[in-house]
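Presented below is the structure to which this report refers.
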Amino acid sequence: MLIKVYTDQSIQSVATKKCLSNHHVDFKEIKAIGNKKVFDYLRKVKAKMLPYVETENGSWSGYRPDRLRKMIENKS
């Protein structure tokens, strides 16, 4: 499963990456700060805040422990 995490320097981005790493979930980090193409894409998909997480089963904005937990449980 390919997981993309669009990030900035926020606590929410750090917490999301830490949660995924602690549970040995592979993901691709895409840094949004200073990247116009990434910001244009995030605007297009109507991301409300960072981190913005994309999975095969959906996407969400912000730190969402409930969504992360569900994704980790489905991985097992």
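Checked against (1) under 12 Å from the mean Cα position of the chain (by Cα); (2) of a type in the set (A, V, I, L, M, F, W, C); (3) more than 19 Å from Lys75 (Cα to Cα), Val38 meets all criteria but (1). When the range 35-45 is filtered for residues that are β-branched (Val, Ile, Thr) and outside any helix (DSSP H, G or I), only Val45 remains. The single condition among (1) within 8 Å of the chain's Cα centre (by Cα); (2) closer than 16 Å to Met71 by Cα; (3) not hydrophobic (A, V, I, L, M, F, W, C) that Thr7 does not satisfy is (2). Filtering the range 14-34 to residues that are touching a residue at least 40 places away in the same chain (Cβ under 8 Å), assigned to a helix (DSSP H, G or I) and either within 10 Å of Leu50 (Cβ to Cβ) or open to solvent by 60 Å² or more (accessible area, probe 1.4 Å) (or both) leaves only Thr16. Number of residues in the range 35-45 that are of a type outside the set (D, E, K, R) and open to solvent by 30 Å² or more (accessible area, probe 1.4 Å) equals 4.
Restricting the range 58-76 to residues that are hydroxyl-bearing (Ser, Thr, Tyr) and in a loop (DSSP other than H, G, I, E, B), the residue that is nearest to the chain's Cα centre (by Cα) is Tyr63. For the range 46-57, taking the residues that are open to solvent by less than 50 Å² (accessible area, probe 1.4 Å) and part of a loop (DSSP other than H, G, I, E, B), the one that is nearest to Glu73 (Cα to Cα) is identified as Pro51.
The values are calculated or read from the model by the stated rules, or taken from the named source; none is laboratory data. On a predicted model such as this, the values are computed, not experimentally measured, just so you know. Cβ coordinates were reconstructed from backbone atoms using ideal geometry, including for glycine residues, and neighbour counts include every protein chain displayed. Just so you know, the surface numbers come from the protein's heavy atoms only, side chains and all, with ligands and any DNA or RNA stripped out. Shrake-Rupley method; radii C 1.70, N 1.55, O 1.52, S 1.80 Å.
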